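What follows is a single structure, written as structure tokens, with notes after it.
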Amino acid sequence: MVDSSPDEREWVTPPESFVETANVTAADCEAFREAGWPECWERPADLLDWDRSFDSVLDDEGTTRWFPGGRLNASYNCVDRHVEAGRGGETAISWEGKLGETRTYSYRELADEVNAFAAALREMGVGEDDVVTLYLPMIPELPVAMLACARIGAPHSVVFAGFSADALATRLAGTESEYLVTCDGYYRRGAALDLKSRADNACVSVDHAVEQVVVNRLDDDPAAGDHRAYADLVADHAGAEIEPVSREADDLLFLIYTSGTTGEPTLVRHTTGGYLTHVAWTSHAVLDLGPEDTHWCSADVGWITGHSYAVYGPLALGATTVLYEGTPDHPETDRLWEIIERNEVDVFYTAPTSIRAFMKWGEQHPESHDLSSLRLLGTVGEPIDETAWHWYRDHVGDGECPVVDTWWQTETGGIVLSTLPGVDRMRPGAVGKSLPGIETDVVDELGESAPPGESGQLVVTRPWPGMARSLCEGSGWGARRTRTVDGEWQYATGDNAVRDEDGYVHLLGRADDVLKVSDRRLSTTEIESAIVGVEGVAEAAVVVGEDADAVRKSEIHAFVSPESNVAGDDALRGRVREAVEEAIGPIAAPDVVTFTPSLPKTRSGKVVRRYLAAIANGEDLGDTSALRNPEVVGELESLLDR
Ligand code: WT7
């Protein structure tokens, strides 16, 4: 899979013009090395304004704490300090709404609305450390509300607007959140979707009372009901000035749910000082952003990527962030290029699944637009193959832009592995090495370093500032942080990887029961438990299969075994899909549902998903004699006609 013969490997060097002006140079990396870990993280922390400087960089006795003694406010760092520096007139957010509608917020305007909404939240009774849930699509009110929460020290919990009422209810209950900011509805491919009724359904199924604020996105008249209207709240508090609450570095900035290996979504908590340092530094060093730049991270703010690189990272650096409400192919497949051209975007950060879609639509679309403002491209979320990498650089980056392939996770807060665009050579298909100040390894089952060319699990071997707080504490580490033979600690990422002779890491996919369906992260068990909840279903197992046109790369394939007197027909298939949509959302609904009298199991009764994945992908199964019911795989293969 990875060619380790030196002659066959390809290097791409960043253009001289980029290297000359890059934020981070080879000399900076050297200084990082000289400072040593963890002291090397002092300089990145200087990108922020601290109310009180930290006593030390790291306290790693017992609970891990970054920047102990330090105090700061994220909203101050992302908004006020740029206004104070005389940059209030410059654009903070450039929003591209449905069908050509646009809105721009200068840093001054952003400050005004953040202050007004923070005042409104306070008046509603939101206090420091109260969790505020934000269930909003890609509209400017989402970052405004995030920053308003940060201003008053109330951790936000953003729930992706595509999630179902059930998924929202689980998250409201799990965080004991008594405040919900949502909207009446939003547009998707030109059609209006009702979000408010989903929010209402979620609120009634939560045990505690939830107070709602509703942004008006669809109508001019605020919908009647038992809630407050965002527009009224902001108007009533116009001109308010709310002193940013000075938070300890270790205090929570936000909570976010992700899919883990269990049937329940996993709650991840991020801190103020460590997280903000990490995302500001990586936005500066990897995305090469500065105050003059316009950055577009195309990820939804409902996911961690949008938190870190559409909101906190670029705004902490005083850049302009582009926010897009729509889909890349509506109304036309050149929509993104048109937005890049009009906004003169400098840095574009997207996912391989989107790049594969752009390839399919054709290079004539990016090539019919003036994309010369672009100077750096980034990708994240899943492995990118060499063909897509080159297509991206050639047709979007004019054959010149460096491309950074960045590896990270919800738990890491920000980028962990990547090349530095002004320092390192790039190798298409590999993410590169870990960033300065971060140490990773690829290890075998015993936690020992795997030699080049041999696959193992990617682990992080030392704490890093963006690490989720759950990983800092004994309990959180318990599951994921294991002691190796010689007593060292490691954070097991759940990803398989292999290093080549040059130390560049190539990602091979998940090692656990987390599914990556394109760049979205879902849990096998979560989907399966929704399916077995359907009447007439006895058992189910889901795997990822390669999709037919290879654009999404991966599709969810469910193997479902109905109860003995129940027919596996289209009606049941429909109920299976509906159940998953209801429990999680349409993104998790199986693309293929195959009925089978039983699932392949070991003699001890464990479902062997490996065989199901091989069947879904038409691969060779090898020896199946260790199964309790080997005949079932043969039946399944003939059923799928592969
Ligand atoms: C998983 C994390 C998008 C970052 C935040 C998404 C996969 C992420 C890469 C990459 C190969 C990647 C991993 C990881 N992943 N970036 N550049 N190359 N795989 O965070 O939803 O928590 O997903 O995304 O499997 O574990 P997430």
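Restricting to the range 374-384, name every residue that is open to solvent by 10 Å² or more (accessible area, probe 1.4 Å) and either within 16 Å of the ligand (Cβ to nearest atom) or not hydrophobic (A, V, I, L, M, F, W, C) (or both).
Selection gives R375, V380, G381, E382, P383.
From V245, V286, grab the single residue that is touching a residue at least 60 places away in the same chain (Cβ under 8 Å) and surrounded by fewer than 24 Cβ atoms within 10 Å (Cβ to Cβ).
V245
Within the range 219-227, can one find any residue that is assigned by TED's automatic domain parsing to the domain that holds V301 and within 30 Å of L47 (Cβ to Cβ)?
No: zero hits.
Tell me the strands (runs of 3 or more DSSP E) entirely within the range 104-202 that contain at least 3 residues that are within 16 Å of L255 (Cβ to Cβ), touching an Asp or Glu at 6+ places or on another chain (Cβ under 8 Å) and modelled with pLDDT of 95 or more.
179-183
Considering only residues of the range 209-231 that are at pLDDT 90 or above and open to solvent by 50 Å² or more (accessible area, probe 1.4 Å), which is nearest to A145 (Cα to Cα)?
Here the answer is A231.
Can you confirm whether the range 438-458 contains a residue that is within 12 Å of the ligand (Cβ to nearest atom), open to solvent by less than 10 Å² (accessible area, probe 1.4 Å) and either more than 23 Å from the chain's Cα centre (by Cα) or of a type outside the set (A, V, I, L, M) (or both)?
No; the residues of the range 438-458 include none that is within 12 Å of the ligand (Cβ to nearest atom), open to solvent by less than 10 Å² (accessible area, probe 1.4 Å) and either more than 23 Å from the chain's Cα centre (by Cα) or of a type outside the set (A, V, I, L, M) (or both).
Please work out which residue is most open to solvent (accessible area, probe 1.4 Å), limiting yourself to the range 385-418 and to residues that are out of contact with any helix residue (DSSP H, G or I) (no Cβ under 9 Å at 6 or more places or on another chain) and in a helix (DSSP H, G or I).
The residue in question is E386.
Test T170 against the criterion of being out of contact with any Ser or Thr (no Cβ under 8 Å at 6 or more places or on another chain), among the β-branched types (V, I, T) and surrounded by 17 or more Cβ atoms within 10 Å (Cβ to Cβ), and give yes or no.
Spelling it out, T170 is indeed out of contact with any Ser or Thr (no Cβ under 8 Å at 6 or more places or on another chain), among the β-branched types (V, I, T) and surrounded by 17 or more Cβ atoms within 10 Å (Cβ to Cβ).
Kindly indicate which of D569, D502 is surrounded by fewer than 17 Cβ atoms within 10 Å (Cβ to Cβ) and assigned by TED's automatic domain parsing to the domain that holds P451. Can you show your working first?
Working: D569 fails: assigned by TED's automatic domain parsing to the domain that holds P451.
Testing whether each residue is surrounded by fewer than 17 Cβ atoms within 10 Å (Cβ to Cβ) and assigned by TED's automatic domain parsing to the domain that holds P451 leaves just D502.
Determine whether the range 581-597 contains at least one residue that is assigned to a loop (DSSP other than H, G, I, E, B) and more than 30 Å from V159 (Cα to Cα).
yes
From the list H278, H270, exactly one residue is in a helix (DSSP H, G or I), modelled with pLDDT of 95 or more and not β-branched (V, I, T). Which is it?
H278
Filter the range 341-373 down to residues that are of a type in the set (F, W, Y) and within 16 Å of the ligand (Cβ to nearest atom) and give me whichever is farthest from V517 (Cα to Cα).
So the residue we want is F348.
With the requirement that a residue be surrounded by 15 or more Cβ atoms within 10 Å (Cβ to Cβ) and among the hydroxyl-bearing types (S, T, Y), what does the range 57-77 give you?
Once the filter is applied, which keeps residues that are surrounded by 15 or more Cβ atoms within 10 Å (Cβ to Cβ) and among the hydroxyl-bearing types (S, T, Y), the range 57-77 yields T64, S75, Y76.
Only one of (1) open to solvent by 60 Å² or more (accessible area, probe 1.4 Å); (2) hydroxyl-bearing (S, T, Y); (3) in contact with a Ser or Thr (Cβ under 6 Å, 6 or more places away or on another chain) is not met by T102, so which one is it?
(3)
Can you find a residue in the range 428-436 that is within 15 Å of the ligand (Cβ to nearest atom) and open to solvent by 30 Å² or more (accessible area, probe 1.4 Å)?
First, the residues of the range 428-436 that are within 15 Å of the ligand (Cβ to nearest atom): 428-435.
From the residues that got through so far, the ones that are open to solvent by 30 Å² or more (accessible area, probe 1.4 Å) too are 433-434.
Yes, the range 428-436 has at least one match.
Here are T305, T321, T327: which of them is within 27 Å of H156 (Cβ to Cβ) and touching a Pro at 6+ places or on another chain (Cβ under 8 Å)?
Residue meeting the stated conditions: T321.
Of the conditions (1) open to solvent by 40 Å² or more (accessible area, probe 1.4 Å); (2) closer than 30 Å to S205 by Cα, K606 satisfies every one except a single condition; which number is it?
Unmet condition: (2).
Give the residue that is nearest to the ligand (Cβ to nearest atom), with candidates limited to residues of the range 321-340 that are closer than 24 Å to V279 by Cβ and not in a strand (DSSP E or B). Working first, answer last.
As a first pass, look at the range 321-340 and keep what is closer than 24 Å to V279 by Cβ: 321-325, 336, 339-340.
With not in a strand (DSSP E or B) added as a condition, the list becomes 325, 336, 339-340.
Details: E325: 20, L336: 18, I339: 21, I340: 20 Å.
The qualifying residue nearest to the ligand (Cβ to nearest atom) is L336.
Taking the range 296-320, which residues are over 15 Å from L147 (Cβ atoms) and within 16 Å of the ligand (Cβ to nearest atom)?
Once the filter is applied, which keeps residues that are over 15 Å from L147 (Cβ atoms) and within 16 Å of the ligand (Cβ to nearest atom), the range 296-320 yields W296, C297, S298, A299, D300, G302, W303, I304, T305, Y309.
Do we find a residue being of a type in the set (D, E), crowded, with 20+ Cβ neighbours inside 10 Å, within 16 Å of the ligand (Cβ to nearest atom) and closer than 19 Å to R610 by Cα anywhere in the range 527-539? Lay out the reasoning, then the answer.
Taking the range 527-539 first, the residues of a type in the set (D, E) are 528, 535, 539.
Still in the list and also crowded, with 20+ Cβ neighbours inside 10 Å: 528.
Cutting the leftovers down to within 16 Å of the ligand (Cβ to nearest atom) gives us none.
Within the range 527-539, none of the residues are of a type in the set (D, E), crowded, with 20+ Cβ neighbours inside 10 Å, within 16 Å of the ligand (Cβ to nearest atom) and closer than 19 Å to R610 by Cα.
Within the range 346-361, restricting attention to residues that are open to solvent by less than 10 Å² (accessible area, probe 1.4 Å) and among the aliphatic types (A, V, I, L, M), which residue is nearest to T305 (Cα to Cα)?
Restricting to residues being open to solvent by less than 10 Å² (accessible area, probe 1.4 Å) and among the aliphatic types (A, V, I, L, M), the top hit is A351.
The values are calculated or read from the model by the stated rules, or taken from the named source; none is laboratory data. Computed from a prediction, not measured in an experiment: that's the story for all the values here. Virtual Cβ from ideal backbone geometry, glycine too; neighbours counted across all protein chains shown. Remember, those area values only see protein heavy atoms, side chains included, never the ligands or the DNA or RNA. Shrake-Rupley method; radii C 1.70, N 1.55, O 1.52, S 1.80 Å.
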